[in-house]
Amino acid sequence: MRQFFKYIGKYKFHTIMAPLLILFEVAIETLIPTVMGKLLIDQAVNQGDMSLIIKYGLLLAGLTLIALMFGVISGRMAAVASTGFAKNLRSDMYKKIQDFSFANIDKFSTSSLVTRMTTDVMNVRQAFQMLLRITIRAPLQFITAIVASLVICPGLSKYFLYVIPFLIIGLLLIIVKAFPWFEKVFNTYDELNLVVQENVRSVREVKSYNLQDEETEKFKKVSGKVFKYHTIAEKIVALNRPIMMTCIYIVLIMIAVVGAKLTVQNVMTTGELQSIISYALQLLMSLMMISMVIVTLTISKASVDRIKEVLNEIPDIKNPDNPVNDIKDGSIEFDNVSFSYANDIERLSLKNVNITINSGETIGIIGGTGSSKSTLVQLIPRLYDVTQGTLKVGGEDVRDYDIKALRDSVAMVLQKNVLFSGTIKENLRWGKEDATDDEIIHACKLAQADEFIEGFPDNYDTYIEQGGTNVSGGQRQRLCIARALLKSPKILILDDSTSAVDTRTDSLIRKAFREDIPNVTKLIIAQRIASVEDADKVLVLDEGEVVDFGSPQELMKTSKIYKEVYDSQMKGGSIDE
Ligand SMILES: Nc1ncnc2c1ncn2[C@@H]1O[C@H](COP(=O)(O)OP(=O)(O)OP(=O)(O)O)[C@@H](O)[C@H]1O
Ligand SMILES: [Mg+2]
């Protein structure tokens, strides 16, 4: 819990005031039964003095009102403090996740991160709010009620103490039994979110494959699991109430029987008996509250653990202590690089890659699907770190650069590219925040996107829907290329980024690259041989190993894979022909 204190932040005043006001509320509530018993019943009612009855009656009403007021203000303070706390916690988690590397995100899964930032934070907020109010109120009321009743009649008050051990044992049993089920509930929430997220995001695929029924079935299954675990957990927790109530009634009956005898024997007055019964109720109410708090804290413990996992996750790609900010040029050198997603040298996705790429060269990368083309290029902007060997950019190990500087110099169009909801201009400015309209248009011209953008009714202010669903696949790819170009990078990586573009446009893009950005190192991953045949060199990957590396002309003679791919594909559409 200590780790969470800092999230109170600027809500310290509210956090202190909420329990403080409760102190006053409890003090007055403790006074009320005594005023009622000693003054109203024993004095006024017994003497039959009507004006005294009215006077004490008004006093009681006044006290109740003040207690209520303290309670209301304290409630408001606790509400503000706990929502503020949740806000701070959530934004810290968000910031933390921004620093996560791809590997960190792979570890948690997106849906789990979403549950942790929403449902789990909500649970913790609720627990915190309760902590501020009831955790102070209940034990305090418990103590004051015992002390007050001991003062009035010690003989009678001892009955309170008899039931407490039973209550504690009952409560402990409930917690021990319920906690594992609550843990299960939250983990199943992750699954539920995953199903919902996948379904909603891929709603087009689901519909085109007519998978609605299967998806609904999948949802029902997970949702049923949440229902089952939650019901079991809540059923156990529900036992709390009967246990508490039984204890309350047993105590009340004992007090009533013994108290009545003592009153008849004139050991205590009717008013005192009345006060003790009120205190007994207060005491048992406070016990109910304590047990409720413990249950809520137990539930939130599962959430706290899950949140802590996120907060304590160490981003495995960190900025070095004395980072190099200047990237000299776009040269790239793989020196005996091996890489494993699982960080396990037995399961390598890339094996002993040794290649040198000069600044300004255009390199084509080909290889079958799953041959680790994407994996290879993702190492360059440090989306993942090499497992073995060294990878140098501009003559320096990539791990020595300031990450931001490196990623600004290495623009990469990911294979799974996305656009965000917003206008075309807004999307492109991701590449360069303060890009002028002219710069944007220039980049789009290079990426051969200018023409179709001009065809849109709102041109560069056309609104792109979430995920870029209102532009075609090829249009989206070209917008992503333009976005990368706006960074004015030293290295430009296109991971299968023209696969949905027709061959003519594809070769126009490459021609524009050659003429307009000759000094930028260009890495072009492609399935089409035409996309790489005018490259300076082509790199052929097979099962994570570089099998050939040379000019397209050389490879035609020496590389079996290159030749095979070449022969199997029809040549066409090159602008140079
Ligand atoms: N995030 C990941 N976690 C674990 N394994 C991965 C991950 N991404 C890719 N792999 C594995 O690494 C291998 C290489 O994948 P990669 O995406 O680099 O292939 P590729 O050559 O780009 O294929 P494609 O032509 O289909 O894009 C594959 O066996 C794949 O299963
Ligand atoms: Mg790939």
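Quick note: the coordinates plus some simple rules give every number you see, no bench work behind them. Source: prediction; values computed, not measured. Positions of Cβ are generated from backbone atoms using ideal geometry, with glycine treated the same way; all protein chains shown enter the neighbour counts.
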Any residue on another chain or 5+ positions along whose placed amide H is under 5 Å from the amide H of I464 is listed here as G422, T423, I424
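Nothing charged except the Cβ atoms of Lys and Arg (+1) and of Asp and Glu (-1): what's the magnitude of the dipole of the stretch 472-559 about its Cα centre? Round to the nearest 20 debye. Could you put the intermediate results ahead of the total?
Details: 13 positive and 14 negative charges, 115 e Å.
My answer is approximately 560 debye.
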Would the stretch 332-568 count as rounded, prolate or oblate if I go by the C-alpha gyration tensor, calling it rounded below 1.5 in a/c and otherwise prolate when a/b exceeds b/c, oblate otherwise? prolate
Relative to the first principal axis of the alpha-carbon coordinates of the chain, what is the inclination of helix 240-264, with its axis defined by its Cα atoms, in degrees from 0 to 90 and to the nearest 10? 10
The long-range amide H neighbours of V324, using H built 1.01 Å from N in the peptide plane and a cut-off of under 5 Å, are Y401, D402
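Taking neighbour counts of Cβ atoms within 10 Å as a proxy for exposure, in what order, fewest first, do Y463, Y566 appear? Kindly include the intermediate steps, with their values, before the conclusion.
On the way: Y463 13, Y566 17.
In increasing order of surrounding Cβ atoms, one gets Y463, Y566.
To the nearest 0.05, what FRET efficiency results for L31 and Q98 with a Förster distance of 51 Å applied to their C-beta separation?
Values: r = 53 Å, r/R0 = 1.04.
Between L31 and Q98 the formula returns 0.45.
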With both bridge residues required to lie in the stretch 332-568, what share of the DSSP beta bridges run antiparallel, to the nearest 5%? 50
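Assuming R0 = 25 Å, can you tell me the calculated FRET efficiency for the pair R504 and D567, based on Cβ-Cβ distance, to the nearest 0.05? Provide the component values of the computation, followed by the final result.
On the way: r = 22 Å, r/R0 = 0.89.
That pair, R504 with D567, gives E of 0.65.
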Between D385 and N210, the two model label points (7 Å from Cα along the beta-carbon direction) sit apart by a distance in nm of 5.1
Farthest toward the dipole's positive end in the stretch 332-568, which of P489, V471, Y562, given Cβ charges of +1 (Lys, Arg) and -1 (Asp, Glu) about the Cα centre? Y562
Can you find, among Q43, F186, G84, the residue sitting farthest towards the positive end of the charge dipole of the chain, where Lys and Arg contribute +1 and Asp and Glu -1 at Cβ? Q43
Mind listing the long-range amide H neighbours of G367? Cut-off is under 5 Å, sequence gap 5 or more, other chains count too, H placed in the peptide plane at 1.01 Å from N. L541
Take the chain, drop everything but the C-alpha atoms, weight them equally and run the Debye formula without solvent; then report log10 I(q)/I(0) at 0.06, 0.09, 0.12 Å⁻¹ to two decimals. -0.52, -0.84, -1.21
Enumerate the lysines that K55 could reach by cross-link, defined here as Cα to Cα under 21 Å, with residues fewer than 8 away along the same chain left out. K38
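Please compute the length gained on full extension between T356 and A512, using 0.36 nm multiplied by the number of residues separating them and subtracting their Cα-Cα distance. If you can, show how the numbers build up before the last one.
Values: separation 156, 0.36 × 156 = 56.16 nm, distance 2.46 nm.
Once the chain is fully extended between T356 and A512, it gains 53.7 nm.
With +1 assigned to the C-beta of every Lys and Arg and -1 to the C-beta of every Asp and Glu, and no other charges, what is the dipole magnitude of the stretch 215-329 about the Cα centre in debye, to the nearest 20?
On the way: 13 positive and 11 negative charges, 144 e Å.
Roughly 700 debye for the stretch 215-329.
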Within straight-line cross-link reach of K404, lysines at Cα separation under 19 Å, skipping those fewer than 8 residues along the same chain: K95, K96, K318, K328, K392, K432, K487, K490
Only four residue types carry charge here, +1 at the Cβ of Lys and Arg and -1 at the Cβ of Asp and Glu. Report the dipole size of the chain about the Cα centre in Debye, rounded to the nearest 20. 3080
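Test of the criteria: in the stretch 231-332, which trypsin sites (Lys or Arg not before Pro) are in a DSSP loop and have at most 13 other Cβ atoms within 10 angstrom of their Cβ? Write down the numbers at each step before the final one.
Numbers: sites: K235, K261, K301, R306, K308, K318, K328; in loops: K318, K328.
Those that pass, being in a loop and sparsely packed, are K318, K328.
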Count the DSSP beta bridges whose two residues both fall in the chain, then state the antiparallel fraction as a percent rounded to the nearest 5. 50
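Which entries of K158/K301; K6/K107; K537/K557 show an alpha-carbon separation above 25 angstrom in the structure shown? Could the numbers behind the result be given before it?
On the way: K158/K301 35 Å; K6/K107 27 Å; K537/K557 14 Å.
Over 25 Å Cα-Cα: K158/K301; K6/K107.
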Select from the stretch 484-546 those GluC sites (Glu not before Pro) which occupy a DSSP coil region and have at most 16 other Cβ atoms within 10 Å, ordered by residue number. E543
